[in-house]
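The block underneath contains the structure these notes are about, expressed in structure tokens.
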Amino acid sequence: MQLTNRSKQVSNKEMTLMERAYLPAIATGMAITLKHFFKKKVTIEYPEVKRYLGPVFRGRHILKRDAEGRERCTACGLCAVACPAEAISMVAAERQKGEESLYREEKYAAVYEVNMLRCIFCGLCEEACPKQAVYLRHDEFIPVFNDRNQVIWGKDLLVEDMNNRYTREAWTKEEAHLLDQKRANGEATNVVPRAIP
Amino acid sequence: MELTEFVIKTLTILVVFVLTLVIAMYSTWGERKVAGFIQDRMGPNRAGPGGLLQPLADAGKMFFKEDFIPALANKWLFIAGPSLAMLTALLASAVIPFGSTFRYDGVEVVLQGVESNIGILYVFGVVALGVYGIMIGGWASNNKFSLLGAIRAASQNISYEVAMGLSLIAILMMSSSLSLGDIVAQQHGGNWNIFYQPLGFIIFLTCSFAECNRVPFDLPECETELVGGYHTEYGSMKLGFYLFAEYINMFVSSAIISTLYFGGYNYPGMDWVYNQLTASLGTTTGHNIATLIGTGVFFGKALFFIFFYMWVRWTLPRFRYDQLMNLGWKKLIPLAIINIIITGASVLFLKPFITSLLN
């Protein structure tokens with residue numbers, strides 16, 4: 001049964017003098033390799049050049065603040081429960097009088113730690129969070145660590161910096177879906193990324 | 001007077017030695033860079049600008065690795081193998097004329113390690129010894145793959161040396177001298193041997209690929225069949241010496257090819273350059289600078305052939321062993337003999353005829 005017409009009958013016929021001389025064939029091959037020598041290289045030199053990995057990439061964790069700069073996390077522990085790798089641990093504390101500008105809810109996480117060796121970057125913490133406090137950034141990686149002390153990240157590394165906020169085009173699944181639909185219809189093309197969920 | 005000459009000669013030899021080593025060192029970098037570029041990659045570019053410190057990093061790694069000798073290996077021969085390979089590779093560069101003469105204090109010094117009137121014979125002798133390093137190393141390893149690789153290397157080198165020598169005889173018939181310096185001097189003024197001996201050149205080039213154990217003739221280290229060939233049991237700097245000797249051989253054979261066929265340090269219009277330089281800078285300085293330019297041209301030619309070696313390596317697949325032997329004995333040797341006959345006939349009949357026509 002013939003499936004395609006690309007199959008070629010094997011032939012053992014004598015080579016012509018031209019073919020037996022090797023050199024023309026070798027010259028052709030060398031021309032091909034020389035062409036590749038001057039071609040643009042496909043390598044992306046990683047640490048210097050970073051490729052955009054798309055809006056759904058799950059990179060380093062961030063604990064969001066709200067528009068007034070208050071921490072959103074209320075230390076409910078749902079992220080820690082959802083985490084399949086048991087990478088998240090936290091200690092809750094009650095907000096005192098006068099701390100209203102620091103914490104959004106009456107309870108907050110005094111300690112919030114992510115073990116970056118355990119984390120598998122599945123994003124389930126992000127989905128579990130009822131306060132829209134935990135996110136995995138799409139634009140940053142966890143840097144390479146070479147010491148045990150660098151593995152467990154505390155609040156000092158996780159909480160968002162108000163001077164350099166993390167912005168996204170869409171903060172919820174519904175929002176992202178809507179944006180996708182609009183883009184498919186050709187309505188919205190440029191959406192300004194914003195910092196607040 | 002005598003002392004100056006001695007000092008200059010010592011310096012020349014030292015410079016030739018160091019240059020050979022440096023060029024071989026950077027050939028390893030060049031090889032990887034060329035491989036990368038041909039395969040649409042970047043090649044080494046992390047150590048230093050453009051990866052230029054990569055050879056140093058590799059050498060450092062080689063030095064600090066464990067220097068292991070297998071329990072059942074012949075210890076002394078195991079060490080002698082890479083040493084011999086390195087020694088014979090370095091010896092050959094002594095007679096290569098890198099440039100014409102250098103004038104200093106009224107003394108003319110030839111830019112050549114040793115001025116020998118049998119230079120090409122010496123090169124052949126040393127190159128033939130090169131296979132001993134591989135043979136001894138492969139045998140001393142007490143490993144069947146090493147031994148097979150070594151035997152392959154030996155039979156391959158012997159087979160191709162015949163064709164190489166025969167292709168060279170045609171050159172010697174034309175130059176009627178064994179001195180490399182004379183052969184280069186005779187090619188002065190665009191009289192390059194490549195124009196008279198194209199067939200001889202192709203045979204010589206093919207044979208020098210085989211002599212250096214380079215792809216497509218790298219059967220002694222054919223990893224699909226023989227693990228690592230003759231250096232299967234080697235590690236650390238001893239392996240480094242084997243690999244390094246291959247690159248030195250590559251440089252030496254590139255230099256020999258450019259000496260024999262491409263006019264050595266001659267280049268088109270060198271007389272005009274020489275006259276301009278001596279007229280403007282005086283006979284001594286002008287002469288020396290002209291010599292240096294010639295040396296640069298010579299190294300340019302040699303480096304091109306090193307590139308050519310690499311270019312071929314990343315283009316062609318390896319020959320099968322019977323193909324290798326067929327090519328050597330049944331094709332190259334008859335072709336070389338035909339080449340000798342044609343050259344002989346031309347020297348006897350065609351040359352007097354053409355000279356009589358021109359006069």
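Tabulated results
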item	result
Rotationally averaged projected area of region B:68-131 (alpha carbon convex hull; nm²)	6.4
Between helix A:23-37 and chain A: long-axis angle, C-alpha atoms, 0 to 90°, nearest 10	20
Highest-MSF residue in chain A out of A:Glu187, A:Glu105, A:Glu169 [GNM, Cα springs under 10 Å]	A:Glu187
Rounded to 10°, Cα long-axis angle of helix B:283-313 versus longest principal axis of chain B	40
Shielding by partners, peptide B:307-317 (average Cβ within 10 angstrom, other chains)	3
Cysteines having no other Cys beta carbon under 4.7 Å from their own, within the protein assembly as shown	A:Cys73, A:Cys76, A:Cys83, A:Cys119, A:Cys122, A:Cys129, B:Cys207, B:Cys212, B:Cys222
Qualifying aspartates and glutamates (Cα of each under 18 Å from Cα of A:Lys50; at least 8 residues distant if same chain)	A:Asp139, A:Glu140
Partners for B:Lys330 among lysines (Cα-Cα distance below 24 Å; same-chain residues under 8 apart left out)	A:Lys13
Dmax and Rg, reported as Rg then Dmax, of region B:70-358 (C-alpha, Å)	20.9, 73
Expected 222 nm ellipticity per residue - DSSP helices of 4 or more, -39500 (n - 2.57), all of the protein assembly as shown, to 500	-16500 deg cm²/dmol
Ranked by how many other beta carbons lie within 10 Å on average, peptides A:79-88, A:152-161, B:67-76, B:27-36 from highest	B:27-36, A:79-88, A:152-161, B:67-76
HN-Hα J in Hz across region A:169-181 - Karplus 6.51, -1.76, 1.60, θ = phi - 60°, x for Gly and Pro	6, 9, 9, 10, 4, 5, 4, 5, 4, 4, 4, 4, 4
Spatially proximal lysines relative to A:Lys182 (Cα-Cα < 18 Å; intrachain offsets below 8 disregarded)	A:Lys173
Size of charge dipole - the protein assembly as shown - debye, nearest 20, with Cβ of Lys, Arg +1 and Asp, Glu -1, no other charges	1240
Placed amide H near B:Val110: partners under 5 Å, 5+ positions off or other chain	B:Phe102
Top of B:Thr295, B:Thr343, B:Thr283 by mean-square fluctuation, Gaussian network on chain B, Cα under 10 Å	B:Thr283
Unit Cα scatterers, Debye sum, the protein assembly as shown: log10 I(q)/I(0) for q = 0.09 Å⁻¹	-0.84
Residue-count net charge about B:Asn45 - beta-carbon cut-off 13 Å; Lys, Arg +1, Asp, Glu -1	+3
Cα-centred dipole magnitude for region B:31-79, charges only on beta-carbon of K, R (+1) and D, E (-1), debye, nearest 20	80
Relative contact order (percent, whole number), region B:36-172, Cα cutoff 8 Å, 6+ residue spacing	22
Choice from A:Met90, A:Met116, A:Met15 with maximal GNM fluctuation in chain A (Cα, 10 Å cutoff)	A:Met15
Helix B:333-345 axis, angle to chain B major axis (alpha carbon atoms, nearest 10°)	10
Region A:61-162, relative contact order [Cα under 8 Å, separation at least 6], %	37
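Each reported figure results from applying straightforward, stated rules to the coordinates on display, with no laboratory input. Values in this document were obtained by computation on a predicted structure and should not be read as measured data. Neighbour counts are summed over all protein chains in view; Cβ atoms, including those assigned to glycine, are modelled from backbone coordinates with ideal geometry.
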